[in-house]
Structure formats: structure tokens, C-alpha cells
1. For region 14-85, what percent of Cα pairs sit more than 14 Å apart?
2. Suppose R0 equals 25 Å. What FRET efficiency, 1/(1 + (r/R0)^6) with r the Cβ-Cβ distance, do D33 and E79 give to the nearest 0.05?
Amino acid sequence: MMNEKMVGNDKDRFTMTELAALRSDLIQGGMVDSYEAAELLRVFLMGRGYGVSPTAALDAAGRVEMAGCAIPVLQHELENLAMVM
């Protein structure tokens, strides 16, 4: 997938396909429970080699929920959460 379009600029780490799939998972889960949403964010990032603070993931999940799971907000929160291991 080397040629898959990245969202935003060259520094962005996640493709639109990845973001859309995560958004779908969050919405299908109903995003009723912030802890479950936070865990989805953590699993998504850990699966891509990033370490994630559980507290930071919970905070980010709350902001994503308040934004109605908008892709730009989701992307911004993931970029801020991703820590190179």
C-alpha cells in the first residue's frame, strides 16, 4: 500500500482507509463506553507499533466522541497519542 493516499500532510501516519475502518469500529460499538472507545484507540495504535498511555487514550476518546467521531478529529487525536516505541 505504498501508494495509498495519506490524509493531510507527509507527517501523517495513518491512511484514510485505516481512519475510516477505525471510525466504523467506534461507531458500530456505539461509543457508549469511553473506556471501550479508548481501548479501541490503544489497540489500533499498538498494532502499528506505538505505545499509548491509557489515561491519554481515555481523554482522546472523550474528545473524539464529542466531535461525533469526525475523521479530522480522530486523525488529530491519534497523531497526538502515537508515541514511537
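Derivation of every value follows stated rules applied to the coordinates shown; laboratory data play no part. For clarity, every value in this text was computed on a predicted model and none was experimentally measured. As a convention, Cβ positions derive from the backbone with ideal geometry for all residues, glycine included, and neighbour counts pool all protein chains shown.
1. Working: 1308 of 2556 pairs.
The share of Cα pairs beyond 14 Å in region 14-85 comes to 51 percent.
2. Working: r = 24 Å, r/R0 = 0.94.
That gives a FRET efficiency of 0.60.
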